[in-house]
Amino acid sequence: VIALCAREGLAVVPQGGNTGLVGGSVPTGARREIVLALGRMNRIRSLDLLNDTATVEAGCVLAAVQAAATDAGRLFPLSLAAEGSCQIGGNLSTNAGGVNVRYGTAREQVLGMEVVLPDGRVWNGLRGLRKDNTGYDLKQLFLGAEGTLGVITAAVLRLYPKPTASATAWIALASPAQAVELLATLRSRVGDRISAFELVSRTCLEAVLAHLPDARDPLGAPHPWTVLAEFGDCGTAEDLHGRIAEALDGHEAVLAQSGEQARSLWRLRESIPEAQFSNVKHDISVPVSKIAEFIDLTDRALKCAFTSTQIFCFGHVGDGNLHYNIGPAALVAQRDAVNRVVYDAVERLGGSISAEHGLGQLKREAIRNQKSPLELELMRVLKTALDPKGLMNPGKVL
Ligand SMILES: Cc1cc2nc3c(=O)[nH]c(=O)nc-3n(C[C@H](O)[C@H](O)[C@H](O)COP(=O)(O)OP(=O)(O)OC[C@H]3O[C@@H](n4cnc5c(N)ncnc54)[C@H](O)[C@@H]3O)c2cc1C
């Protein structure tokens, strides 16, 4: 298909699960282009359990890859609320993040890759190697490229030992600063057993409680902030629960007593995106040590700039990544002014305006003010070298 499009000068928009939040998988309408849907390339090609790898096609739904790993007694750790629809090709092309802080982003799960280049040639880089210093690491070019450099058709993914015990805690906090401190304390007490550490503001929880009639606040009394933390270990559940209860001593917290209770806590966190739809959304990152300062600085700047604001803040504390969404709905009409306040704070603290969702169409222009001219020039050099005719996903990223 790509060779045919190259011959005809037809642009191509690769599309996975179409769950991306920045318009990357949607045609701009500016020129003649086709949508290339990858959903039928959905085979798990092979599992190599002694190498702890799976070779999967780009159209595999993320949840299906997780399930295949589980069936083989392993863990594929990438996890996000859209996992029932998003596809591996989309995950790699956006370098998706998600909730599993311990294992890193999608980029860190990839050992090898197969890519169709914009002229239709196929690069087979499906190597399952953990060490390979033979020149430029070409797969990195396509990770996070949002379909602008080629079409990912398959990848070799890392698998991990499956934890035999897990614990899920919902923890009350007075401030984001306390959350950052608690993460540091927990790391020193339980090490890399922390697999997720998700900050949830009261506004987010209230939106979820209004959206899900059968849901309830796990702590009963309201708290300004909470954290949903998940822990995994290879020992017994009793040992893990004992350690976590000890580490959380002095904190008001609920430790899930069953898988069902753990799922109901996760449901609260995963329902946040759909519970607060009509507002100005941000996906920012700052160094973890600056999270509290970012929230404080930006909250105050927004309250000065606009007469009424409602801030829905949640995110992945271990990655310094916040979804910082601003209502009420009327502010959507002033999106550019709202963005300016948020992006100024991000820049002041050395952060990024797109931590995990990419640039797509939505942030293509905004990035000009964040990246240096040299960085933008290098990005254009790569784009021109690989896609001189500009056929791959035009109007996105650059
Ligand atoms: C409820 C909800 C929660 C979310 N939570 C998170 C989260 O926690 N973390 C996070 O990172 N994201 C999150 N997202 C965003 C989204 O799910 C991710 O960006 C995901 O990785 C996109 O995968 P997809 O298959 O849907 O890709 P699509 O939306 O189809 O495409 C995304 C981009 O990748 C390109 N692309 C797709 N497939 C290929 C391919 N095979 N080759 C080359 N380019 C390709 C597209 O052209 C587009 O630019 C969330 C979205 C929703 C709706």
(request) Kindly list the number of the only condition in (1) surrounded by fewer than 17 Cβ atoms within 10 Å (Cβ to Cβ); (2) more than 30 Å from Asp214 (Cβ to Cβ) that fails for Ala345. (result) (1)
(request) State all residues of the range 182-233 that are small (Gly, Ala, Ser), under 27 Å from Asp296 (Cβ atoms) and under 20 Å from the mean Cα position of the chain (by Cα); if no residue qualifies, say none. (result) Ala196, Ser201, Ala229
(message) Can you find a residue that is assigned to a strand (DSSP E or B), within 16 Å of the ligand (Cβ to nearest atom), over 30 Å from Asn321 (Cα atoms) and in contact with a helix residue (DSSP H, G or I) (Cβ under 8 Å, 6 or more places away or on another chain) anywhere in the range 57-72?
(response) no
(request) Give, as residue ranges, the strands (runs of 3 or more DSSP E) completely inside the range 122-236 that count at least 1 residues that are at positive phi. (result) none
(request) For residues that are outside any loop (DSSP other than H, G, I, E, B), within 11 Å of the chain's Cα centre (by Cα) and near the ligand (Cβ under 6 Å from one of its atoms), tally how many sit in the range 91-108. (result) 3
(request) Mind listing just one residue for me: the one in the range 116-160 that is among the basic types (Lys, Arg) and more than 14 Å from the ligand (Cβ to nearest atom) and, of those, farthest from Thr19 (Cα to Cα)? (result) Lys131
(request) Take Gly84 and decide whether it is within 11 Å of the ligand (Cβ to nearest atom), over 28 Å from Leu391 (Cα atoms), touching a helix residue (DSSP H, G or I) at 6+ places or on another chain (Cβ under 8 Å) and at pLDDT 95 or above. (result) yes
(request) Would you be able to tell me the number of residues in the range 30-74 that are of a type outside the set (Val, Ile, Thr), surrounded by fewer than 20 Cβ atoms within 10 Å (Cβ to Cβ) and under 23 Å from Glu198 (Cβ atoms)? (result) 3
(message) Of everything in the range 111-157, what is of a type in the set (Lys, Arg) and surrounded by fewer than 21 Cβ atoms within 10 Å (Cβ to Cβ)? Give them in sequence order.
(response) Arg121, Arg127, Arg130, Lys131
(request) Any chance you could count how many residues in the range 41-55 are within 12 Å of the ligand (Cβ to nearest atom) and out of contact with any Ser or Thr (no Cβ under 9 Å at 6 or more places or on another chain)? (result) 1
(request) Kindly establish whether Ala64 is within 23 Å of Leu141 (Cα to Cα) and modelled with pLDDT of 95 or more. (result) no
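Given the condition of a type in the set (S, T, N, Q), in contact with a strand residue (DSSP E or B) (Cβ under 8 Å, 6 or more places away or on another chain) and in contact (Cβ under 8 Å) with a residue 12 or more places away in the chain, answer yes or no: does some residue in the range 135-148 qualify?
If we filter the range 135-148 for residues that are of a type in the set (S, T, N, Q), which is where we start, we get 140, 148.
With in contact with a strand residue (DSSP E or B) (Cβ under 8 Å, 6 or more places away or on another chain) added as a condition, the list becomes 148.
Next cut, in contact (Cβ under 8 Å) with a residue 12 or more places away in the chain only: 148.
For the range 135-148, residues of a type in the set (S, T, N, Q), in contact with a strand residue (DSSP E or B) (Cβ under 8 Å, 6 or more places away or on another chain) and in contact (Cβ under 8 Å) with a residue 12 or more places away in the chain: present.
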(request) Could you please find all residues in the range 261-281 being within 13 Å of the ligand (Cβ to nearest atom) and either free of Cβ contacts under 8 Å to residues at least 60 places away in the same chain or not small (Gly, Ala, Ser) (or both)? (result) Trp266, Arg267, Arg269, Glu270, Ile272, Pro273, Glu274, Gln276, Phe277, Lys281
(request) Return the only residue of Ala247, Ala262, Ala256 being out of contact with any Cys (no Cβ under 9 Å at 6 or more places or on another chain), crowded, with 19+ Cβ neighbours inside 10 Å, farther than 30 Å from Gln370 by Cα and modelled with pLDDT under 95. (result) Ala247
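Only one of these is buried (at least 17 other Cβ atoms within 10 Å of the Cβ) and either among the aromatic types (Phe, Trp, Tyr) or at pLDDT 95 or above (or both): Asn18, Asn95. Name it.
Selected residue: Asn95, the only one of Asn18, Asn95 that is buried (at least 17 other Cβ atoms within 10 Å of the Cβ) and either among the aromatic types (Phe, Trp, Tyr) or at pLDDT 95 or above (or both).
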(message) What's the total number of residues in the range 376-388 that are surrounded by 14 or more Cβ atoms within 10 Å (Cβ to Cβ) and in a loop (DSSP other than H, G, I, E, B)?
(response) 1
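The values are calculated or read from the model by the stated rules, or taken from the named source; none is laboratory data. In this text the structure is predicted, and so the values were computed from the model without any measurement. For neighbour counting, all protein chains shown are included, and Cβ atoms are generated from backbone atoms with ideal geometry for every residue, glycine included.
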